[in-house]
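K.L.:
Structure provided below as structure tokens; questions to follow.
The values are calculated or read from the model by the stated rules, or taken from the named source; none is laboratory data. On a predicted model such as this, the values are computed, not experimentally measured, just so you know. Note that we place each Cβ from the backbone using ideal geometry, even for glycine, and neighbour counts take in every protein chain shown.
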Amino acid sequence: MSVERPFQLSVRKADWRQLAVVELPLLALLAMLFAVTFLFTPGLKMSLLGLDIPNVVLCPVLALTGVPCLMCGITRSFLSMGGGDITGAFVFHPLGPVFYLMLAGLFLVTLFSIVTRKQFRVSLSRGLRRNLIWGGTAIILAAWLVKVVIWYQVGLL
């Protein structure tokens, strides 16, 4: 009788063609994301063709209801993290700094994968996947409630 492992990491050698399919595009996207977070601030007015457009609401849920959606504030949270304002990042979205650090870790693992020419694969058991989905959903909902309370207190709502 075999016991299923909940988590398994495998590593295999890869050539450049294999790395060009997932790792190189992922590294480029993450590098662009971090470049934007270092170059811009959450308070920056958007400029389009030389016209200042203040207070652009990109979320249709917020625009229609006045209540932020589950991920409202994540962009401004990332921009705050890139600027080193961790407190501001938590105000904009309680999970923003966590997601930002997870993406930074993914960037480092992807960079390491390309440098060493090795591909990493993570396998999760069905039970662990289910628990991560339910747990992640509960955490995101709790963070949304915290965000609504914080935004109301600081005047963002």
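K.L.:
If you go through the stretch 93-111 one residue at a time, do you hit one that is outside any helix (DSSP H, G or I) and within 30 Å of residue 11 (Cβ to Cβ)?
P.N.:
yes
K.L.:
Kindly list the number of the only condition in (1) of a type outside the set (A, V, I, L, M, F, W, C); (2) over 26 Å from residue 102 (Cα atoms); (3) modelled with pLDDT of 85 or more that fails for residue 45.
P.N.:
(3)
K.L.:
Something else about it: Can you confirm whether the stretch 54-63 contains a residue that is part of a helix (DSSP H, G or I), among the polar types (S, T, N, Q) and free of Cβ contacts under 8 Å to residues at least 40 places away in the same chain?
P.N.:
No, the conditions are met nowhere in the stretch 54-63.
K.L.:
Mind counting the residues in the stretch 119-134 that are of a type in the set (Gly, Ala, Ser) and either assigned to a strand (DSSP E or B) or surrounded by 11 or more Cβ atoms within 10 Å (Cβ to Cβ) (or both)?
P.N.:
2
K.L.:
Right, another one. Can you tell me which residue among 116, 87 is exposed (fewer than 14 other Cβ atoms within 10 Å of the Cβ), over 12 Å from the mean Cα position of the chain (by Cα) and under 25 Å from residue 41 (Cβ atoms)?
P.N.:
Details: 116 fails: under 25 Å from residue 41 (Cβ atoms).
Answer to the selection: 87.
K.L.:
Let me ask something else about it. With the requirement that a residue be of a type in the set (Phe, Trp, Tyr) and touching a Pro at 6+ places or on another chain (Cβ under 9 Å), what does the stretch 101-157 give you?
P.N.:
144, 151
K.L.:
List pairs: first in the stretch 4-17 and under 13 Å from residue 120 (Cα atoms), second assigned to a strand (DSSP E or B) and basic (Lys, Arg), Cβ under 8 Å, 6+ apart or cross-chain?
P.N.:
As it stands, the answer is 9/121; 10/121; 11/118; 11/121; 12/118; 12/121; 13/118; 14/118, since those pairs meet every condition given.
K.L.:
On to the next question. Taking the conditions exactly as written (of a type in the set (Val, Ile, Thr) and either over 21 Å from residue 140 (Cβ atoms) or at pLDDT below 90 (or both)), does residue 98 satisfy them or not?
P.N.:
So residue 98 does not fit the description; no.
K.L.:
Can I ask one more? State whether one or more residues within the stretch 49-61 are at pLDDT 90 or above and either of a type in the set (S, T, N, Q) or surrounded by 15 or more Cβ atoms within 10 Å (Cβ to Cβ) (or both).
P.N.:
no
K.L.:
Name the residue, out of 64, 132, that is among the hydrophobic types (A, V, I, L, M, F, W, C) and at pLDDT below 90.
P.N.:
64
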